[in-house]
Amino acid sequence: MTDTVAQPTADAKAAPDTMAWDSGLRRLMMIYLPLGCFVLILLFPFYWMAITSFKPNAELMNYKDNNPFWISSPTLAHIKHLLFNTAYPRWLTTTMLVAVGSTTLSLIASTLAAYAIERLRFRGSPYVGLGIYLAYLVPPSILFIPLATVVVQFGLFDSPLALILVYPTFLVPFCTWLLIGYFKSIPYELEECALVDGATRLQILRRITLPLAVPGLISAGIFSFTLSWNEFIYALAFIQSGANKTVPVAILTELVTGDVYQWGALMAGSLLGSLPVAIFYSLFVDYYVSSLTGAVKE
Amino acid sequence: MSVTALSTHGAMARQPSWLVRLFDYKPFLIVMCLAPAIGLLTVFLTYPLGLGIWLAFTDTTIGRRGTYVGLENFQYLLTDPLWWNAVFYSVVYTGVATFGKFALGFWLALLLNNHFPFKSLLRAIILLPWIVPTVLSALAFWWIYDPQFSIISYLLVDVLHWRSSNIDFLGSPWPARFSLIAANIWRGIPFVAISLLAGLQTISPSLYEAAMLDGASAWQRFRYITFPMMMPILAIVMTFSIIFTFTDFQLVYAITRGGPVNSTHLLATLAFQRGIAGGELGEGAAIAVSMIPFLVFATLFSYFGLARRKWQQGEAND
């Protein structure tokens with residue numbers, strides 16, 4: 001069992017040859033057709049979002065004369081409106097600040113914690129690890145009401161600092177578990193060598209463990225960034241003034257006005273708000289996949 | 001490696017500071033390393049959790065310190081049809097959405113486990129719904145569900161001529177409920193598919209070879225090899241999925257805000273409406289606390305899933 005787990009990719013490559021039971025047509029019907037449907041359905045909302053944000057209003061509200069799946073006269077009016085008539089740039093910078101701040105904070109906290117739990121092994125370290133894992137199972141939905149009173153007590157209500165401090169509650173457990181798994185994969189002998197050579201524990205962490213754990217740190221970092229960029233309920237509950245809102249909250253509360261929805265502007269806002277994480281994602285796809293699956297397998 | 005270690009050793013021997021020695025003292029180092037994480041989690045997670053349970057037994061409102069009222073909030077909730085409605089919809093939402101996500105996600109994972117060109121690109125594209133902020137994709141769904149200009153209605157009415165009138169997705173209770181569930185399934189499929197795919201790739205092909213030699217059919221191979229081997233990871237992914245679907249907030253808040261006539265409130269959105277928007281912190285906290293028994297149940301489920309995994313793989317693999 002353990003041997004095969006160690007080299008799953010090599011074995012998986014061999015698998016289809018040994019199970020070559022399907023003819024070309026059958027393969028088309030059983031694999032490519034359903035896959036195509038899945039991709040179509042999973043991507044359609046994004047296509048619709050993108051195409052709506054470049055359509056002029058006249059085309060948006062008239063399906064009889066235009067093919068709704070295409071744009072006959074694309075316009076940048078919605079994006080221009082968003083950038084120059086609303087506080088959108090401000091929301092973007094606030095979101096960026098919050099995401100970067102909370103990611104940095106939780107990376108530092110969870111690297112140290114994971115190192116202590118996995119490498120400084122002390123009595124009860126598995127229980128601390130389990131406790132942090134359990135913290136991940138506490139959803140924000142049951143915490144936001146008492147947290148709102150805590151935030152008010154600290155005088156942080158309506159301040160992005162509140163979000164930077166609160167987001168680690170769901171980022172730290174995740175990153176710690178990811179990094180514990182990562183530290184486990186680094187041979188302990190390397191550290192023993194350094195210990196024998198007289199390095200201090202902090203030197204070992206800084207010069208040996210951390211450089212070897214860089215892929216794990218990148219995974220944890222981009223994941224935290226995405227999670228804090230996407231966070232909604234805390235940002236909705238703790239931020240009141242329009243200028244301090246994060247992008248997801250601001251689009252929903254500031255752009256949805258009155259009974260006639262500005263679909264063009266709303267979709268343009270959604271598109272622009274999704275782009276940073278989408279670009280980030282396209283640069284680090286492999287890290288996302290490995291951290292997602294790593295976190296589940298741990 | 002040894003060169004750097006040796007040089008640092010030399011540097012240390014020259015100036016052995018008490019600070020360096022303090023940071024090399026293991027118990028101190030452990031405390032220092034754990035302090036930031038444990039501190040953050042205690043102040044912003046454990047304390048609020050306790051505070052939330054305390055608030056549920058008080059009549060606190062925004063701006064007024066409450067007094068202990070015992071079980072009054074819960075007694076009120078038990079007589080409140082809106083709360084029962086939210087419990088009912090939360091259970092239906094979780095049940096149907098989880099079933100949909102896992103059926104479709106497992107299918108997608110099995111499809112992705114085959115070999116075809118551009119596999120990694122496809123895998124990357126499929127995760128997109130999970131990466132993009134939920135509220136923003138929920139807005140896209142809101143627009144797709146528009147009563148007048150819904151693209152689905154357009155397809156069914158004007159292109160395929162299957163219906164004569166537009167579908168009123170969000171205007172009446174049951175269509176609105178299922179529209180939200182569909183959006184949730186859409187968002188959940190990628191996570192389930194990609195994590196189950198990781199599980200599928202750890203199953204040894206020799207098991208399938210042995211089964212094929214014994215003449216097992218495709219269905220039998222799935223039923224007696226794939227499914228049992230996937231049980232542990234299924235249990236974990238499902239626990240996560242159930243917890244975060246049951247306590248979902250964003251989709252419902254973005255698309256319907258609990259309407260029409262409060263029919264699509266989940267417990268979380270009801271708690272927000274009463275606690276933050278309505279200012280009744282005590283009552284909102286009681287609604288939030290009423291989700292806890294369900295979450296405990298889901299966590300126990302996860303624990304036994306993990307225990308089973310240990311037993312299956314032997315002690316050596318931890």
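Coordinate-derived values only; no laboratory data. This one's a predicted model, so the numbers in the text were calculated from it and none came from an experiment. Here the Cβ positions follow ideal geometry from the backbone for every residue, glycine too, while neighbour counts run over all protein chains shown.
List of remarks:
- Estimated distance in nm for a label pair at residue A:76 and residue A:196, the labels positioned 7 Å out from Cα along Cα-to-Cβ: 6.4 nm
- Nearest-0.05 FRET efficiency for residue B:164 and residue B:17, computed from C-beta distance (R0 56 Å): 0.10
- In chain A, Cα pairs under 8 Å separated by at least six residues give a relative contact order of 27 percent.
- Count, lysine Cα pairs under 24 Å in chain A, 8 or more residues apart or across chains: 5
- Of B:115, A:81, the sequence from fewest to most neighbouring Cβ atoms within 10 angstrom is B:115, A:81.
- With Rh defined as the Kirkwood radius, the inverse of the mean 1/r over Cα pairs, the Rg/Rh of the protein assembly as shown is 0.99.
- Protection proxy ranking, peptides B:117-124, B:56-63, average beta carbon neighbours within 10 Å, highest first: B:56-63, B:117-124
- Cα-projected label distance for residue B:296 with residue B:122, points at 7 Å along beta-carbon direction, nm: 4.5 nm
- Each of B:20, B:237, B:159 has some number of other Cβ atoms within 10 Å of its Cβ, and from fewest to most they run B:159, B:20, B:237.
- Taking trypsin sites (Lys or Arg not before Pro) across the range B:160-196, the ones in a DSSP loop with at most 15 further Cβ atoms lying within 10 angstrom of their Cβ are B:163.
- Using only alpha carbons, the range A:143-298 has a radius of gyration to Kirkwood radius ratio (Rg to Rh) of 1.10.
- Placed amide H near residue B:58: partners under 5 Å, 5+ positions off or other chain: B:69
- Nearest-0.05 FRET efficiency for residue B:115 and residue B:79, computed from C-beta distance (R0 56 Å): 0.40
- Convex hull volume per residue in cubic angstrom - Cα atoms of chain A: 199 Å³
- Those chymotrypsin sites (Phe, Trp or Tyr not before Pro) in the range B:135-220 that DSSP places in a loop and that have at most 14 other beta carbons within 10 Å: B:162
- Order of A:193, A:175 under a 10 Å beta carbon neighbour criterion, fewest first: A:193, A:175
- Counting Cβ atoms of other protein chains within 10 Å of each residue's Cβ and taking the mean over peptide B:201-208 gives 6.
- Shielding by other protein chains, A:46-52, mean Cβ within 10 Å: 4
- Per-residue shielding of A:263-274, expressed as the average number of other chain Cβ atoms within 10 Å of the residue Cβ, stands at 4.
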